[in-house]
Amino acid sequence: MSSALPSPILEVPAAPEALLAEAGGLKDARAEEVLAWVEARFGARAALASSFGVEDMVLIDLAKKHAPSLRVFTLDTGRLPPETYELMDVVRNRYGVTVETFFPERARVEALESTQGYFSFRRSLEARKECCAIRKVEPLNRALAGRGAWLTGLRREQSVTRTAVEVVELDRDHGGLLKLNPLAAWSQREVWAYIKENAVPYNSLHDRGYPSIGCAPCTRAVKPYEDERAGRWWWESREHSECGLHPVR
């Protein structure tokens, strides 16, 4: 680990800003260095939020080598493609990882579908955000409760809504948690090079033109000239292509 990185300590600073300052040396660190620091600093109190896209698979593989205590959780919206579930099982068997699964609250999903139907999210931006809030945002709040930090596979190159993503961020929406995006500066080419060089398993939908994979009704394959997240909520403007898990400031 480079000398510019912060030294690991065992107690979380009381003030979120102090935690952010402590991790400041990670700004330009390699993904391996970020994960090694997370292991030393948080151990099992840190978790990777995984939708099992290609970036998350890179991080799961790197964590096996550099942050073996890192927990992995996923948000099962109830509408994921079967290929995603198949990959989850591959991950469990290959890496020996327990995938902590968080579902939306049953009563809220039942009320949504009973009163608004099964495709309400296509009616308006507000209706789509309501669906995402029920199926993703609320479960994420429970998934992050009690954590010291969380990691994501966000990259700046993915879309216009992610160009300002930093390797280290302060997640004020969840009480000042440290949020780390180790692949923020990676290109799509670099991600796939790692996958191929390390024989990392990945979602078979990627081979069918799906660079970004979410809920089945809200995801499609993209055209060669489209950006990586053009297949997510494609009926909306590109600046809206987030579900609320990663608010655009």
Quick check on this structure: which one of ARG94, ARG142 is among the charged types (D, E, K, R), over 27 Å from TRP235 (Cβ atoms) and more than 18 Å from the chain's Cα centre (by Cα)?
ARG94
Show me the helices (runs of 4 or more DSSP H) found entirely inside segment 72-144 where at least 2 residues are small (Gly, Ala, Ser) and either without any contact (Cβ under 8 Å) to a residue 60 or more places away in the chain or surrounded by fewer than 13 Cβ atoms within 10 Å (Cβ to Cβ) (or both).
106-116
Within segment 28-70, which residues are outside any loop (DSSP other than H, G, I, E, B) and of a type in the set (Gly, Ala, Ser)?
ALA31, ALA36, ALA40, GLY43, ALA44, ALA46, ALA47, ALA49, ALA63
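Could you look through segment 173-191, keep only residues that are over 17 Å from the mean Cα position of the chain (by Cα) and closer than 24 Å to LEU245 by Cα, and pick out the one that is surrounded by the fewest Cβ atoms within 10 Å (Cβ to Cβ)? I'd like the intermediate steps shown before the answer.
Pass one, segment 173-191, residues over 17 Å from the mean Cα position of the chain (by Cα): 175-176, 189-190.
Next, from what is left, pick out any that are closer than 24 Å to LEU245 by Cα: 175-176.
Numbers: GLY175: 10, GLY176: 18.
Once the filter is applied, the top-ranked residue is GLY175.
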LEU177, sole failed condition from (1) within 17 Å of ALA44 (Cα to Cα); (2) modelled with pLDDT of 95 or more
(2)
So for segment 159-166 (the condition being in contact with a strand residue (DSSP E or B) (Cβ under 9 Å, 6 or more places away or on another chain), modelled with pLDDT of 95 or more and either closer than 30 Å to GLU190 by Cα or aliphatic (A, V, I, L, M) (or both)), does at least one residue qualify?
no
Looking at (1) over 30 Å from ARG41 (Cβ atoms); (2) under 15 Å from the mean Cα position of the chain (by Cα); (3) polar (S, T, N, Q), find the lone condition where SER120 falls short.
(2)
Within segment 145-187, count every residue that is part of a loop (DSSP other than H, G, I, E, B) and not hydrophobic (A, V, I, L, M, F, W, C).
14
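Mind listing just one residue for me: the one in segment 188-212 that is of a type in the set (A, V, I, L, M, F, W, C) and part of a helix (DSSP H, G or I) and, of those, nearest to ASN93 (Cα to Cα)?
ILE195
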Subset of segment 229-245, residues modelled with pLDDT under 65, within 10 Å of THR161 (Cβ to Cβ) and part of a loop (DSSP other than H, G, I, E, B), comes to SER241, GLU242
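The values are calculated or read from the model by the stated rules, or taken from the named source; none is laboratory data. Remember, it's a predicted structure, so these values are computed and weren't measured experimentally. Please note: Cβ atoms are built from the backbone with ideal geometry, for glycine as well, and neighbour counts cover all protein chains shown.
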